[in-house]
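Asks: Pasting a structure here, questions to come.
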Amino acid sequence: MRKPVVLTAEQILRFLLPALLMTVAPGPDILATVSLGISRGRVVAVSFGLGCASGCLFHTGLAAAGVSQFLQVFPAAKWGLQAAGACYLIWLAQGILRPRRATGSNAGVETAGDAALAERQRNYFLRGLIANLINPKVALFFLAFLPQFLVPAATSPALQLLGLGLIFTAIAVVVFSVVGLFAGEVGQLLEARPGLSPVLDRICALVFVYLAVRMLLV
């Protein structure tokens, strides 16, 4: 007997546009990627964005396993993660003001040696990944969003959730890469003006502080 496919073509088509719109919406991950691109350049922005996108796989797994429901049942756990996430974002904010003295400029970051460039990519990928993983609102979003596209007569809901999550992650990878590249180009144009680099750093840091406050209060 032929096994049913995990996702139907109609189901995928119905999912693509809403998933794209949710990804490009100006949420915390997009704002952080844009601010880093303007302040730190393409490499940093794309690496951070890919880390955020990769976190979608983790939250998909939580939704498929039903773990995300734990955050709904126990508000204290949700608040604890929010507090941890806010502290992490503030830590990132204060760190943004320090590396500039070592790297010099966006151009310096883009032309760094292979080893230094790879290390910077790993560091910011992990920062984006952690920022996404410890945000309970992302877990709750996946728990609320993905089940809307389940087909009762198809395969198990868990497999459908995993399939939808993989598609969402692929969309996020493309979107964050494009956003990071564009923001990096804008940053290089702005940095051509003398004395603007410290201003860009402060704006980027303020964005992360705003995201930390938003995580706690919204």
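Asks: Can you name every residue in the stretch 124-138 that is of a type in the set (D, E, K, R) and closer than 18 Å to residue 37 by Cβ?
Replies: Residue satisfying the conditions is 127 alone.
Asks: From the list 107, 77, exactly one residue is in contact with a Phe, Trp or Tyr (Cβ under 7 Å, 6 or more places away or on another chain), exposed (fewer than 15 other Cβ atoms within 10 Å of the Cβ) and either part of a helix (DSSP H, G or I) or modelled with pLDDT under 85 (or both). Which is it?
Replies: From the options 107, 77, the qualifying one is 77.
Asks: Additional query: Among what's in the stretch 139-176 and is within 22 Å of the chain's Cα centre (by Cα) and among the β-branched types (Val, Ile, Thr), pick the residue that is surrounded by the fewest Cβ atoms within 10 Å (Cβ to Cβ).
Replies: Only one residue fits best here, namely 174.
Asks: Is there a residue in the stretch 111-119 that is surrounded by 17 or more Cβ atoms within 10 Å (Cβ to Cβ) and at pLDDT 85 or above?
Replies: No, there is no match, as no residue in the stretch 111-119 is surrounded by 17 or more Cβ atoms within 10 Å (Cβ to Cβ) and at pLDDT 85 or above.
The values are calculated or read from the model by the stated rules, or taken from the named source; none is laboratory data. Being a predicted model, the structure only gives us computed values, none of them experimental. Neighbour counts are summed over all protein chains in view; Cβ atoms, including those assigned to glycine, are modelled from backbone coordinates with ideal geometry.
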